[in-house]
Amino acid sequence: MGFDNNEPEQRRRLHAALSGAGVTTGTLWLQYFSIGGSVGEYEVEAYLQGMLSLPELERDLLAMAANELSNSGPGPHAPYADELPLDETPRPAEGELPDDGDDPR
């Protein structure tokens with residue numbers, strides 16, 4: 001399964017919300033699992049590190065769990081997929097440079 005266009009941004013903002021609230025991966029996973037999440041803690045960790053893609057439903061459940069744990073404090077909010085702008089332009093993966101269209105090949 002490949003990344004959809006908004007997945008890297010949703011992951012980045014989820015990670016920021018978790019860091020701002022001081023929530024660990026284990027705590028996030030336990031809350032996520034309790035509200036119906038279906039992937040394991042290792043998969044959640046891999047997703048947060050950008051090594052694994054998750055379906056939109058699972059990403060939204062992670063956002064819900066993070067937001068419940070942060071109790072709407074002053075830190076950033078973890079967005080749901082439908083809160084991100086629709087963007088049909090593929091984005092470079094984290095750590096990759098954007099393609100400027102000047103590929104000499």
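The values are calculated or read from the model by the stated rules, or taken from the named source; none is laboratory data. Computed from a prediction, not measured in an experiment: that's the story for all the values here. Glycine also receives a Cβ, built like all others from the backbone with ideal geometry; neighbour counts cover every protein chain displayed.
Taking the stretch 39-54 only, how many residues are hydroxyl-bearing (Ser, Thr, Tyr) and over 10 Å from THR25 (Cα atoms)? Give the derivation first.
Applying the first criterion (hydroxyl-bearing (Ser, Thr, Tyr)) to the stretch 39-54 yields 42, 47, 53.
Add one more test, that the residue is over 10 Å from THR25 (Cα atoms), and what stays is 47, 53.
Counting residues in the stretch 39-54 that are hydroxyl-bearing (Ser, Thr, Tyr) and over 10 Å from THR25 (Cα atoms) gives 2.
Could you please give the count of residues in the stretch 69-94 that are modelled with pLDDT of 55 or more and surrounded by fewer than 10 Cβ atoms within 10 Å (Cβ to Cβ)?
From the stretch 69-94, those modelled with pLDDT of 55 or more are 69-87; that's our starting set.
Checking which are surrounded by fewer than 10 Cβ atoms within 10 Å (Cβ to Cβ) leaves us with 71-72, 74, 82, 85-86.
Residues meeting the conditions: 6.
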Check your understanding: Of all residues in the stretch 20-31, how many are hydroxyl-bearing (Ser, Thr, Tyr), over 13 Å from the mean Cα position of the chain (by Cα) and under 21 Å from ALA81 (Cβ atoms)?
Key -> 0
Point to revise | Complete set of residues in the stretch 55-87 that are of a type in the set (Gly, Ala, Ser), over 19 Å from TYR42 (Cβ atoms) and in contact with a helix residue (DSSP H, G or I) (Cβ under 9 Å, 6 or more places away or on another chain) | key: ALA63, SER70, GLY73, GLY75, ALA78, ALA81
Review point. Which of the residues spanning the stretch 24-68 are of a type outside the set (Phe, Trp, Tyr), surrounded by 15 or more Cβ atoms within 10 Å (Cβ to Cβ), touching a Leu at 6+ places or on another chain (Cβ under 7 Å) and more than 14 Å from ARG13 (Cα to Cα)?
Key: THR25, THR27, LEU28, GLN31, GLY37, VAL39, GLU43, VAL44, ALA46
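Residue-by-condition table, conditions (1) at pLDDT 95 or above; (2) in a loop (DSSP other than H, G, I, E, B):
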site	(1), (2)
PHE3	no, yes
LEU14	yes, no
THR27	yes, no
TYR32	yes, no
GLY36	yes, yes
ALA63	yes, no
